Amino acid sequence: MPACPTRSRALGALMAAAAMVVVPAVRAQSAPPTTEPTPSPAAPPSPPSATQPRTEPAPAQLDRVEVRGAQESDTQQRQRSTASKIIVGREEIERYGDATVGELLRRLPGVTQQGAPGRGGRIAMRGLGGYTQILLDGQRVPPGFSIDSLNPDQIERIEILRAPTAETGARAIAGTINIVTREGFVRRINDVVATVGEENGQWQPGLSVTRNDTVGTLIYNVSASINRNAFENEDRLVTTQDDPSTGTLRQLQQEDSVSRGRNLRSSATARVQQRLPNGMLTLAPFLLDVRSDVARSAQLTQPVGSTPPLYAAADSTREGRFSLARINTSWRHRFAGGASVESRLNFGEGRNESDSLRRETDAAGSLLRSFDDRIRSRQRGGDLGTKLSFALGSGHSLVAGAEIETAQREETRSTLQDGVAQATDFGDDLEARSTRLAAYAQDEWSITPQWAAHAGLRWEGIETRGEGATQTATNRSSVFSPLLHAVYKPKPDGRDQFRISLTRSYRSPNLNDLIARPSISQRFPVSGPNTPTSPDRAGNPSLRPELATGIDLAAERYLTSGGMLSASLFVRRIEDLMRTLTALETVSWSGVPRWVARPQNIGEATSTGIELEAKLRLSEFIADAPPVDLRANASVFRSRVSGVPGPDNRLDSQPDFTANLGADWRVRRTPLMLGASVNFTPAFDTRLSETQTIAEGRKRVFDAYAQWTVSPALRLRLTASNIAPLDYESGSVLVVDPTTRETTRSVAQSYVAWRLRAEWKL
């Protein structure tokens, strides 16, 4: 049955009224400005700024909008957008020479990366990883895909939307990150980038090649890259069990481990654009292959405790491969009078293979048990969408569209404990299918020289069906999302403006959350009990989607040097909050009760925050100052989950604040550019329930770079990442009963990473 979460009445009524007053619509944001004519006049050239992107010379046959699009800086595009949006273009991507997209994103306001520094991790806007929508060329990324699999050299720009729009989708409670791959330019370019890095004694080479050219009316851009990442990490896990009423320590275990491995990442992207008499045909294939192998050795000691530990040493290996092939096609046609139609057809297939083996031995080296896990999965899918746009004149445009998306996932899993199959009641094979239907309308209107509005209404319906050997689970949900954005300029030609957004967004359960088939803890076979800190994991077919009602307010000032100042406030009220909780359950896959971590809808939550941002040139305030660009941002977050006692009853993994500070200095009369930045996130605790709390340690990351322009065709950059590395600590506390408390504390070392990068333009 369709899930209809309770509406937040006051704000929901306001949004619904706004949606009825203004007919929903949007401007197409992903179209390359250099490839499609439009009758709009060209914008005046912006003042010189270190924040402006590299411009492409426009040939005589191109009309004026193509010139404007090439000259607009990231800041100018942000200022012009009615919906609140941050744009990171090629200049900023090239400036820092980041090895991963995660390193690039963590400098942006309100964006954090979970996990230990240098190890990668889930990207989160406003501290909310599970609430952040990640798009690749406007499409949702498939399961198993990591943005760190992308090479920044293959990215044209990154768009950060703090509030959802009807066209980009409403599954974006925290916001949307849209990664746009390299686009075609009219002029010929050949870029070659070679890198070599070192971290903790491990070498990390890489090579990227980009080719852009035209053949008659056809424009193409092809990019390929290959990167090898070798690593060696040391970790420590301490587990204690005590009596919280007396403080008596019953057991203390310490596991020290060393992990060694490598990842080989290769990818290729292309964009082929054929000009048509009144439009454009675009083909954009994307290929990705990531291979990894990891070996881990662990030693377990137990200074306190009468019960002997399960093992003295554990050795494990894991080999994995993720591959993705996708092709996006789009066709645009412009009619007389300003109307246009755009249709897209995308399809692809992803494969994931994983083989892991764990062997546990006693102090004498004799084998105690082995654990063998093999997973083979394949996901195929595609989507079809059509959008109609109408230019109504006087800065007024109307857009309406519809989408259908299908995905099918097949998985085979074999789990053996000492050669004996585990959880046989659930079978080894799983098949799941999902279908998503969506329809939307948006209206963007420059009502007066001072006011502009962007309103929309989106409906989405999702059905997910999972089938196993003995189980079938079906989940259906549908959500209406009214969306309103408005911009006010006190002076039409001034540099100040104010924004307001009223939105309704949601988060639907993913497939793993819905499928009840368990994943067995490797440390404890199903023949006996496990522990709260090593639970089995299982899904919940009855999960309902979360629904959020939100408001965003912002004040912005754009400076004459091309910089800007911004202050924003957001509020999100979330209903039917999903959270994974651990509890002791009587389960079908074991003869004894087992601890199981399972997602549940637990109630409501509220999240608020303030985000401050500044990008400016030092000469803006100090006469005759050196050419230094400054950037700083700070975000403060507060959240509260109802039904969970405080303190620290916050949303999962949301810190109290995060801050970034950086500077870039172009040394006069030299081809040298220097820069540095620091990112800081404090430690914090999250109380999941009355008995369960998790802890995340502080993060402090210093980066610095030096860039030397040898010639117009050659540029060298030396980067040092994570200077003064700080070990990352995390842990959990679970009260089993009034006399038993189990605590874990994990310490992961981080390291300085050096990278030398050479860029040739041929």
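Derivation of every value follows stated rules applied to the coordinates shown; laboratory data play no part. The structure presented is a predicted model; accordingly, all values stated were derived computationally and were not measured. Cβ sites come from the backbone with ideal geometry, for glycine too, and all protein chains shown count toward neighbours.
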How would you rank Thr608, Thr132, Thr560, going from fewest to most other Cβ atoms within 10 Å of each one's own Cβ?
Thr560, Thr608, Thr132
Theoretical ellipticity at 222 nm over the chain - DSSP helices of four or more residues, -39500 (n - 2.57) apiece, nearest 500
-1500 deg cm²/dmol
Using the Karplus curve 6.51 cos²θ - 1.76 cosθ + 1.60 with θ = phi - 60°, work out ³J(HN,Hα) for each residue of the range 235-249 in order, rounded to whole Hz, and write x for Gly and Pro.
9, 9, 10, 10, 10, 10, 10, 9, 9, x, 6, 10, x, 5, 7
Contact order normalised by residue count of the range 534-659, Cα under 8 Å, 6+ apart, percent
22
Under a plain spin-label model, where a point goes 7 Å from the Cα along Cα-to-Cβ, how far apart in nm are Leu388 and Thr691?
5.8
In nm, to one decimal, how far is the Leu718 label point from the Asp293 one, both placed 7 Å along Cα→Cβ?
3.4
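Using Cα pairs closer than 8 Å and at least 6 residues apart in sequence, work out the relative contact order for the chain, in percent.
Result for the chain is 12 percent.
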Between beta-carbons, use under 13 Å as the cut-off and find the net charge around Trp708, counting Lys and Arg +1, Asp and Glu -1.
+3
Given labels modelled 7 Å from the Cα in the Cβ direction, how far is it in nm from Asp256 to Phe621?
4.9
Would you order Arg499, Arg465 from fewest to most other beta-carbon atoms within 10 Å of each residue's own beta-carbon?
Arg465, Arg499
Would you tally the net charge around Asp355, using a Cβ to Cβ cut-off of less than 9 Å, leaving Asp355 out, and scoring K and R as +1, D and E as -1?
-2
Just order 487-498, 105-116, 524-535 by mean Cβ neighbour count inside 10 Å, highest at the front, would you?
105-116, 524-535, 487-498
Note, the range 715-722: 3J(HN,Hα) by Karplus (6.51, -1.76, 1.60, θ = phi - 60°), whole Hz, Gly/Pro = x, goes 9, 10, 9, 10, 10, 10, 10, 6
Amide H neighbours of Arg369 under 5 Å, counting only residues 5+ apart in sequence or on other chains, H built in-plane at 1.01 Å?
Glu360
Diffing the range 293-301: the Karplus 3J(HN,Hα) column from phi (6.51, -1.76, 1.60, θ = phi - 60°), in whole Hz with x for Gly and Pro, holds 8, 9, 10, 10, 10, 10, 10, 10, 10
Which order results if Ser446, Ser81 are arranged by neighbouring Cβ count within 10 Å, fewest first?
Ser446, Ser81
Quick one: which of Lys85/Lys491; Lys85/Lys761; Lys85/Lys699; Lys615/Lys761; Lys387/Lys489 span more than 23 angstrom between C-alpha atoms?
Lys85/Lys761; Lys85/Lys699; Lys615/Lys761; Lys387/Lys489
